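Quick notes on the structure that follows.
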């Protein structure tokens, strides 16, 4: 599975719930600090999603947008220990939004909670800083302003919260809190709308996000973050093999890399920009991935508190075969953002590759607890359970993958379901399922994720030659394909000359 499945800027969701037998960092027992949660830092804080009091759901994007941007501003103050927006979303998912409960889940001393109500061109925002565990308010304020003042209001809130927690601000701290991604309020509004759409992770929503970022850039051509997010949007399309109407994959590569480079030309300290550049270097140099690790190391250095940067770094180290380092990087991401579903999923794949199915299963378990609709985690857990001869569990997973797979990506459910059906002895029914899974790729070149999942399904039904046909047709014949072929589910093909040739052609320099 390509590490870009982890592309989770503001995106990764999931409840921070610990499974029995599962350590908070995704590792198996014994847990190093299982006895008791550490004491929260004196200046630790999480910013909860803002409650939308406006009946019009068109403004729902502000719930996450306000919280994420305030948290981003606070994180620039070194004296503060700020939980990532992804960690907060995980802690809030599916529970009563009581700041005391959320604070315990985040292990913080303070929680910022608030609500907003937008009417026409004005917005009212109410904010409270809650001290834990007592639940008392340290500070509160209400703001009624024109929508065009949203950037200024966020700056005021971040400054007031930082002062209430850490005391009088130093001149340098006041300066970093005053930094704005853009001076154009309308461009900023479209940027927040784009973030909201990008987080939904569907072809149509990502296309809409790219459109919103494009509007932001037309209003403010110097908006570096909007360029980085445009690049991330195109990276998602390339990575998942989605069809962008009117834009070929080659054009997506050119446009996306240009956007990433523009973002870095405007702001070379942008971790987002370096991560985006790493993606497009992987598409441009699939055989060697030249420059990818260097770009991601730069991202972790620029933003060492970014769970996304560490996730990406750990994911790509795995692709290079540096598996121990990969596990370390992924656990670093989980330490920053416990319960991060996509990181737990990626860790599960690494454990599969090194043939540690027990730990792989635990990681997939945790990913699914964190995000109960994570269809890819169900898909891959199906194959681990089949190897363990847990037929009932495998069928339940395959059916869940079928239920949650997005429209147009039904193969995530059909292939595992075919594998289970074949394991039960009904090969004819399994092959019928694979006929349906093959329909989307009847013409053209399948993306790697598509080819990988369909190849696994065909192999499980005994269609070895057809499985190899699909793998050979995939778009990426480079290092990422090599890593995918190391999954134990492909073991029945290892002695096939065609498989060995494909494996050798995609092998990274220096890998065994």
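Bridges between two residues of the chain, per DSSP, are antiparallel at a rate of about 75%. Under 12 Å from a label point set 7 Å out along the Cα-to-Cβ vector of residue 495, no amide N atom of region 407-431 is found. Over all pairs of different C-alpha atoms in region 450-512, the reciprocal of the mean inverse distance, the Kirkwood hydrodynamic radius, equals 11.5 Å. The mean sequence separation of alpha-carbon pairs under 8 Å and at least six residues apart, normalised by the residue count of region 182-303, gives a relative contact order of 20 percent.
The gain in end-to-end length when the residue 79 to residue 179 segment is fully stretched comes to 34.3 nm, 0.36 nm per residue minus the alpha carbon separation. Here the peptides 274-282, 154-162 are ranked by packing, the mean other Cβ count within 10 Å, and the order with the highest first is 274-282, 154-162. In terms of its alpha-carbon gyration tensor, region 85-143 comes out oblate; a/c meets the 1.5 threshold, while b/c is at least as large as a/b. When both region 112-174 and region 340-398 are represented by their alpha-carbon centers, they are found 41 Å apart.
Peptides 353-365, 305-317, ordered by how many other C-beta atoms sit within 10 Å of their residues on average, highest first, read 305-317, 353-365.
When a/c reaches 1.5 or more, the comparison of a/b and b/c decides; with that in mind, is region 221-276 rounded, prolate or oblate per its Cα gyration tensor? It is prolate, given that a/c is not under 1.5 and a/b is the larger ratio. Building the convex hull from the alpha-carbon atoms of region 404-507 and averaging its projection over directions returns 6.2 nm². For the chain, the fraction of C-alpha pairs farther apart than 36 angstrom is 31 percent.
Kirkwood Rh over alpha-carbon pairs of region 310-447, then Stokes-Einstein at 37 °C and 0.692 mPa s: what D in µm² s⁻¹, rounded to an integer? Here the translational diffusion coefficient equals 211 µm²/s.
A protection proxy built from the mean count of other Cβ atoms within 10 Å ranks the segments 425-432, 256-263, most packed first, as 256-263, 425-432.
Rounded if a/c is under 1.5, else prolate if a/b is larger than b/c, else oblate: which is region 182-303, with a ≥ b ≥ c the root eigenvalues of its Cα gyration tensor? Oblate shape, in that a/c is at least 1.5 and b/c is the bigger or equal ratio. The modelled label-to-label distance between residue 356 and residue 53, using points 7 Å beyond Cα along the C-beta direction, is 5.0 nm. Entry note, the chain: the mean residue ellipticity at 222 nm calculated from DSSP H runs of n ≥ 4, each adding -39500 (n - 2.57), is -18000 deg cm²/dmol after division by the residues and rounding to the nearest 500. Could you let me know the centre-to-centre spacing of region 455-490 and region 202-257, using Cα atoms, in angstrom? When both Cα centres are located, 29 Å separates them.
Values quoted throughout were computed directly from the atomic coordinates according to the rules given, and no laboratory measurement underlies them. Quick caveat, the model's predicted, so the values are computed rather than measured. Cβ sites come from the backbone with ideal geometry, for glycine too, and all protein chains shown count toward neighbours.
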